[in-house]
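Only one structure is covered here, and it is reproduced in the block below.
The values are calculated or read from the model by the stated rules, or taken from the named source; none is laboratory data. Remember, predicted model here, so these are calculated numbers, not experimental data. Using ideal geometry, Cβ is built from the backbone for each residue, glycine included, and neighbour counts are taken over all protein chains shown. What goes into the accessible areas is simple: the full protein's heavy atoms, side chains included, and nothing from ligands, DNA or RNA. Shrake-Rupley method; radii C 1.70, N 1.55, O 1.52, S 1.80 Å.
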Amino acid sequence: MKKLCMLIAICCVAISSFGQQKTYDTAKPWTFWWWMGNAVTKESITNQLELFAKAGIGGVHIIPIYGVKGYEKQFTPFLNDQWLRFLEHTTQEGKRLHIGVDLTTGTGWPFGGPNVTQETAAKKWKLEGNKLVTTLTKQQVKRPSPGGAGLVLDPFGADAMPQYLQRFDTAFAKTTAHPRAMYNDSYEVYGANWTNKFPEEFKKRRGYDIQDHISEFLDTTKNERNTLIKMDYHQTIADLVLENYATKWTNWSAKKNYISRYQAHGSPGNLLDLYATADVPETESFGSSRFNIPNLRIDDEYEIERFGIPSPLAMKFASSASNLTGKTLVSSETCTWLANHFKVSLSQVKPQVDELFTAGINHIFFHGIAYSPKEETFPGWLFYASTNFGPSSHFWNEMPQLTGYIQRCQSRLQNSQPDNDVLVYFPINDLWATSKKSVDAIYQLDIHSIGSWISQKAYGQTCKQLLEKGYSFDYISDLQLQRLKVTNGQIKAGNSNYKTIVIPSCNYLPEQTLETLLALSKQGAKIIFAGEKPSSFTGFNEFEARKAKFQTQMALLSQQSISGKDIFTVLPSLGVPQESWTDKGLRFIRKKQAGKVIYFISNLDNQFATGWITLSANMVNPRFYDVLNNTYKTIPTKHENGKTLVYLSLASGESCFLEEGQTATTAIVNNSAKTSLTLSGAWKVDFLAGKPRIQLSKTIDQLSSWTTWADSTDFFWGTVRYSKEIDLSKELASQNLSIDLGNVNESAVVKINGKVIGTAWCLPFKLTIPKSVLKVGKNSLEIEVKNLSANYMRLYDKQHPEWKKFYDANIVSVKYKPLDATKWSPMPSGLMGPVVLKTLGN
């Protein structure tokens, strides 16, 4: 039997679909891993990878960047022989520890470096007389490592990417190292809007010479002629970045047996087409969302106006591309600058992760961890625009709690198929028709300004309402529409089946898209126009002669489709499922696993706690999976009028899966009166391990932040124990109880009668108490609370400002100003309460 188990284990670590030995687990969260100055050693690489493995991290993504002052002699040029030996050691140790390894195809961002010549560098146009001519943008690679500095690559030129990748072919021919994936970061190429052969490419694709229409191209009056010309220009830019940048890079990755991870956002093209070129489309969660969860802290220094907030509407561009092309993984750069360094808690991280899950993401990458030598003291090496998830973080000991939670979620989300019902057309031509501040600006779809291209646009409003009203949708592009199939009224793409296509209110519709919609409608696809129908086509060439045909075809499509400003009266008539309980602030993703429906539900608001909800899917015996505690339970269920209703208990901040079980369910709800016992009165408090060391024990009558107790405590970072005795009656001790800690800054280990019952690390801070732990009469309660390192940094930054020793950006605040922790106010710390024992219900 033991030999059989070993054989199964070996088979599970066998061969991936890309021909590489798969010794890693994608269900675990992975992390960005910055090699600062490439000043790494084999010993410290091994040390960090072993720590990562113990913490539950499944893989690393190496990004070579700028270095650390004082370590110049150890700087290693990117891709030289010594650097390749470090990479070999990393991949070998990764296999031993079952940790995957990804690598940026370059250093810093965006693509570029010393092998980029003026011929292959990013370019822009300038006006000379009546001609548009080429000039360099002169943009340099941002945050490069040694051996990586140089000009940014031309994203539009046909020869630029192949020549750029030759450097990697030459280097990797000398090594046995083989990362799992190559990575392309978010498009941050600024000012590039031209390439050497742009006029020829334009004429070949658009049918006329742009040089003959310079005056109209430069005209800002937005008449019909110059608008169509500018849209043609943007379409050509989009074609070139898709064909010459994204596709050539992903094709090269596939040829070399790497999978490709690609952040397309920021690009001047259709994000859906760009994301779809990659094996793993990747979105980005930058900053902190404003969830209405009690006691959730938000960093008030974060500038929403500058950076925006994470948006599911933007995240779904990556997951939509994945769903439409049948990809398994959709990743996210997660918790980028969630708050200032030393101020992030795990209770802030979990809701951001849950939001990503409901948007279709299933492969979390922490952003991130900087490589730091073993000999470096606190706080070690740090990367400025990140949340520190590394060993020097104040929550490192609690990391297995977070990584375990993510692994359990992602194991289900990765092994299930999408179950969205609606396709929403992405009208990118309407964006291109919108005038920009300057005539040389191109439309870049970045995550920091989603208002300008999603939320303030008609299609964005439609999609926002779909989410709020409980409809599942994916975006679809003009190109992707052409690949759809219709069978028995079901619209098929990738592994997904859809019930309808929604065309949101828009002005422009390409003729090819119109013809595609007509063909799909003829095959039985249900098409809905939401709001105003398109009144114009795209393309300047011979546009007057094409108007009549467009109008005729639009009239025909109107006859074959459904029109109405309120699509939410139409969708039910087409049998489109709705999860009406989203009006209670609950968010979800519905998927299918082995033909059965599963739900992931997260309560990221404060409107719902318990109650009956009606599922759109028919589930015979649904069961509740508590991901946080890795436990199952039956859930009260009833079936009415062909619908499944479940009695859900999900407090603000909590999440769960609903999935089909084997045990028959009942509609009985435990309506017995709930008992609670608030633990008021005196607490004994002892300061334990921490910095600076404090020897303090005292009794407090009321829970409050320990920073207010004495002058010395407002700098303390560490653990404080709260203890008291609780007297339980026979009736209360015999019941199923939980302990709700109220507000905790920032995590707590709870012991009852000397036995650890769990760690409260996320909101709400409550734990279930095993019956075997309690007894009638006196019970000892100990709550060991850990706070943030921010308070200690107020002191440390004053005593040791030399820790900020990084080149380039060094270390900055979320306001992008030099970080000065000495000016921070003390962060609330400790057990705030109220602490309440409660009987458990359904």
**OP:** Just read off the accessible area of Asp81 with the full protein assembly in place, 1.4 Å probe, to the nearest 10 Å².
**Re:** 90
Original post:
By a straight-distance test (C-alpha under 19 Å), which aspartates and glutamates pair with Lys698 as possible cross-link partners, with residues fewer than eight away in the same chain excluded?
Top reply: Asp686, Asp711, Asp714, Glu725, Glu782, Glu784
Original post:
With all protein chains present, how much of the accessible area of the range 584-661 (probe radius 1.4 Å) comes from carbon and sulfur, to the nearest whole percent?
Top reply: 43
Subject >> Among the listed pairs Lys584/Lys638; Lys691/Lys805; Lys674/Lys778; Lys316/Lys674; Lys42/Lys751; Lys123/Lys547, those beyond 31 Å (Cα-Cα) >> reply: Lys316/Lys674; Lys42/Lys751; Lys123/Lys547
**OP:** Please work out how much length the chain gains when fully extended from Ser563 to Lys138, using 0.36 nm per residue of separation minus the C-alpha to C-alpha distance, in nm with one decimal.
**Re:** 148.0 nm
**OP:** May I ask for the Kirkwood hydrodynamic radius of the range 562-605, worked out over all distinct Cα pairs and given in angstroms to one decimal?
**Re:** 12.5
Original post:
Which whole-number value in Å² is the accessible area per residue of the range 453-503, probe 1.4 Å?
Top reply: 39
**OP:** Using per-residue counts of other Cβ atoms within 10 Å, averaged over each peptide, order 332-344, 226-238 from highest down.
**Re:** 332-344, 226-238
Original post:
What accessible area, in Å² to the nearest ten, does a 1.4 Å probe give for Lys771?
Top reply: 110
Original post:
Using the heavy atoms of the protein chains alone and a 1.4 angstrom probe, what is the accessible area of the range 280-373 per residue in square angstrom?
Top reply: 20
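For the range 532-643, what is the accessible area per residue in Å² when the probe is 1.4 Å? Display every interim value, and only then the final one.
On the way: 5580 Å² over 112 residues.
Per-residue accessible area for the range 532-643 comes out at 50 Å².
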Original post:
When ranked by the protection proxy of mean other Cβ atoms within 10 Å per residue, highest first, what sequence do the peptides 474-483, 725-734, 438-447 form?
Top reply: 474-483, 438-447, 725-734
Original post:
For the range 534-612, how big is Rg over Rh, using alpha carbon atoms and the Kirkwood form of Rh?
Top reply: 1.23
Subject >> At 1.567 mPa s and 4 °C, Stokes D of the range 489-599 from Kirkwood alpha-carbon radius, µm² per second >> reply: 80
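Using per-residue counts of other Cβ atoms within 10 Å, averaged over each peptide, order 665-671, 614-620, 166-172 from highest down.
Values: 665-671: 13.0, 614-620: 17.1, 166-172: 14.7.
Descending mean neighbour count gives 614-620, 166-172, 665-671.
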Subject >> Percentage of interatomic Cα-Cα distances in the range 560-683 larger than 24 Å >> reply: 37
**OP:** Among the lysines, select those whose C-alpha is under 17 Å from the C-alpha of Lys230, and discard any that sit fewer than 8 residues away in the same chain.
**Re:** Lys124, Lys126, Lys131, Lys203, Lys204, Lys222, Lys436, Lys437
Subject >> Accessible area of the range 72-116 belonging to carbon and sulfur atoms, whole % at 1.4 Å probe >> reply: 51
Subject >> Over the chain, relative contact order from alpha-carbon pairs under 8 Å, at least 6 apart, % >> reply: 10
Original post:
Which value, in nm² and rounded to one decimal, describes the direction-averaged projected area of the C-alpha convex hull of the range 781-823?
Top reply: 4.3
Original post:
Got a number for carbon plus sulfur as a percent of the range 378-447's accessible area, 1.4 Å probe?
Top reply: 41
**OP:** Take the cross-link list Lys54/Lys633; Lys28/Lys327; Lys256/Lys492; Lys54/Lys838; Lys533/Lys592 and give me the ones stretching past 26 Å between alpha-carbons.
**Re:** Lys54/Lys633; Lys256/Lys492; Lys54/Lys838; Lys533/Lys592
**OP:** Do me a favour and compute the ellipsoid semi-axes for the range 642-733 from its Cα gyration tensor, root of five times each eigenvalue, largest one first, whole Å.
**Re:** 43, 20, 12
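Determine by what factor the alpha-carbon radius of gyration of the chain differs from 2.2 N^0.38 Å, reporting the quotient.
So the chain has a normalised radius of gyration of 1.00.
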Original post:
How would Arg794, Arg623 line up by accessible area, probe 1.4 Å, largest first?
Top reply: Arg623, Arg794
